[in-house]
Amino acid sequence: MRNSPAEHRGTWGKAVVIGGGYAGLVTARVLADHFSEVVVLERDVVDENTGTHPHAPQGYHAHALLAKGGEILERYFPGLRAELQDIGAPVFDYGERLSFLLPTGFAPRNRTGVEIQTFTRDELERRLRGKVLALPQVTLLSATRCEGLRMTGSGRVDRVLYRAEGAEQLTELEADLVVNTSGRAGALDNWLTELGLSVPEKRVVKARITYTSMSFDRPEKNHPDFNLAYQMTFAPDIPRGGVILAVERNRWMCSLVGYDDQMPPIEDGAYLDFAKSLKNGRLVEQLETRTGQGPTHRYTNADNQWRLYHKMKDWPERLIAIGDAVCVFNPVYGQGLTVAALEAELLDRTLTERATRKRGLDGLARTYQRAVARMLLTPWTLSSNSDLMWNPDHQPLSARFAHWYNRHFFEVSVRDAGAWTRFARVANMVAPPTVLFHPAVVAKVVAQALFRRARPAD
């Protein structure tokens, strides 16, 4: 496994991670390079063989780790990609084996140099959990509910209060650093309020989207020429979409999505009819002949939410928040897993710098939360601007411009492999959005817009 420089290992004493899901596991892996003890509190009953657990509602839906997220996980968990590939989770170029239906037509099937991997959230978490819990520094307290925090008079969080399943009494756990990764449903806002702190109102952009997902067999002798087929939703005229992707153990995972009242059904026949209403027939081809079907799951709580902890002037020392506990994205954009990995990587760099300069942990929390906010700005803007366009009563100028630009950029992309490659790199967070605004690209987009304006009937 990747480690920080030897002199940084065990620089500090005990770190406590609240939440043992994906974000908590990646964070615990990072902390194990800097603390002699890492304790993970998880409210569900889990062990090293557990995959998706009840409080991970998106765990039953389609997942593909963006290229940037895959790079980060491979650094902290060397060999993870190969392990998943060995059990059938394919690694492939974003352009070559992806059937991507844009609002303007199918994207080019060309090599982009951007590799992604598709798998189930269940298998990913099982692999990560097994590796993290095998670290001698890490201890898991399963079936344990965090009930609050304790703060010293100097404004430092130094204890976590938890209750083990079946226990009547609360237990106090001392910590040199507390990391909250308890997700969107976590109680951190309440704990901060109980400490007498004022929590800013969170920023919310309604997504009004529903996912309905199922998995089924992918016959080994009948693999098509794609590993992922996708139809993109686009306001206001394309409220239905879907994705089907190849996952481990010769399975397909299919998620159908709909905005507002376009809710994908759960019943088999109606589910297939919804898929037939889409224009990417590759989804239907596999659904019509499906065998070995698993249960169907629905997820509706997909709003974008950003808790503005970086704006708190009295944010406690020795407390940080990561993942969905800070910012939740509409899952349709596939950003959540990668953003959590980026936040864990940022924590690693921050701790390494402090160890190198022989600085303590005081002052880290506020600095870190502000750095997280800067990191979140780009993915938040990309996600929320798109979702704002479904609301005719609230479309800021920035969102309208982004939507206009995207529409004409997609028209260029369907016939320009270079433009599509730029999009693939931005979508996978390996390049900044500014590459979409290179002068040569802008010129093509403007020319397309002028052409479209001159021929409105098309």
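The table below gives the values:
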item: Residue selected from the range 171-198 under the condition small (Gly, Ala, Ser) and surrounded by fewer than 16 Cβ atoms within 10 Å (Cβ to Cβ), by the criterion farthest from the chain's Cα centre (by Cα); result: 196
item: Filtered residue count, the range 245-275, keeping only those that are farther than 26 Å from residue 88 by Cβ and of a type in the set (A, V, I, L, M, F, W, C); result: 4
item: Hits in the range 337-377 (condition: out of contact with any Lys or Arg (no Cβ under 6 Å at 6 or more places or on another chain) and either among the β-branched types (Val, Ile, Thr) or not assigned by TED's automatic domain parsing to the domain that holds residue 310 (or both)); result: 339, 350, 352, 356, 367, 372
item: Filter result for the condition that a residue is among the charged types (D, E, K, R), at pLDDT 95 or above and either surrounded by fewer than 19 Cβ atoms within 10 Å (Cβ to Cβ) or closer than 19 Å to residue 72 by Cβ (or both), over 2, 29; result: 29
item: Residues being out of contact with any strand residue (DSSP E or B) (no Cβ under 9 Å at 6 or more places or on another chain) and closer than 25 Å to residue 11 by Cα - total across the range 32-49; result: 1
item: Number of positions in the range 353-374 that are assigned to a helix (DSSP H, G or I), surrounded by fewer than 18 Cβ atoms within 10 Å (Cβ to Cβ) and touching a residue at least 40 places away in the same chain (Cβ under 8 Å); result: 3
item: Hits in the range 82-93 - residues which are farther than 14 Å from residue 428 by Cβ and either outside the structural domain of residue 241 (by TED's automatic domain parsing) or surrounded by fewer than 18 Cβ atoms within 10 Å (Cβ to Cβ) (or both); result: 82, 83, 85, 86, 87, 88
item: All positions within the range 378-397 that are within 17 Å of residue 206 (Cα to Cα) and either out of contact with any helix residue (DSSP H, G or I) (no Cβ under 8 Å at 6 or more places or on another chain) or polar (S, T, N, Q) (or both); result: 380, 381, 383, 384, 385, 386, 387, 390, 391, 392, 393, 395
item: Members of the range 376-407 that are farther than 25 Å from residue 450 by Cβ, hydrophobic (A, V, I, L, M, F, W, C) and buried (at least 17 other Cβ atoms within 10 Å of the Cβ); result: 376, 380, 382, 388, 390
item: Elements of type strands (runs of 3 or more DSSP E) contained in the range 235-342, each with 2 or more residues being surrounded by fewer than 19 Cβ atoms within 10 Å (Cβ to Cβ) and in contact (Cβ under 8 Å) with a residue 40 or more places away in the chain; result: 297-299
item: Within the range 32-47, tally of residues that are touching a Phe, Trp or Tyr at 6+ places or on another chain (Cβ under 6 Å) and either under 11 Å from residue 140 (Cα atoms) or modelled with pLDDT under 95 (or both); result: 1
item: Output for the range 152-170, where each listed residue is surrounded by 14 or more Cβ atoms within 10 Å (Cβ to Cβ) and either at pLDDT below 95 or under 31 Å from the mean Cα position of the chain (by Cα) (or both); result: 156, 157, 158, 159, 160, 161, 162, 163, 164
item: Pair list, Cβ under 8 Å, 6 or more apart: the range 130-150 residue touching a residue at least 60 places away in the same chain (Cβ under 8 Å), other residue hydroxyl-bearing (Ser, Thr, Tyr); result: 137/36; 141/162; 144/162; 145/162; 146/162; 146/182
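The values are calculated or read from the model by the stated rules, or taken from the named source; none is laboratory data. Just so you know, these numbers come straight off a predicted model, no measurement behind them. Reconstructed Cβ throughout: ideal geometry from the backbone, glycine too, with neighbour counts over all protein chains shown.
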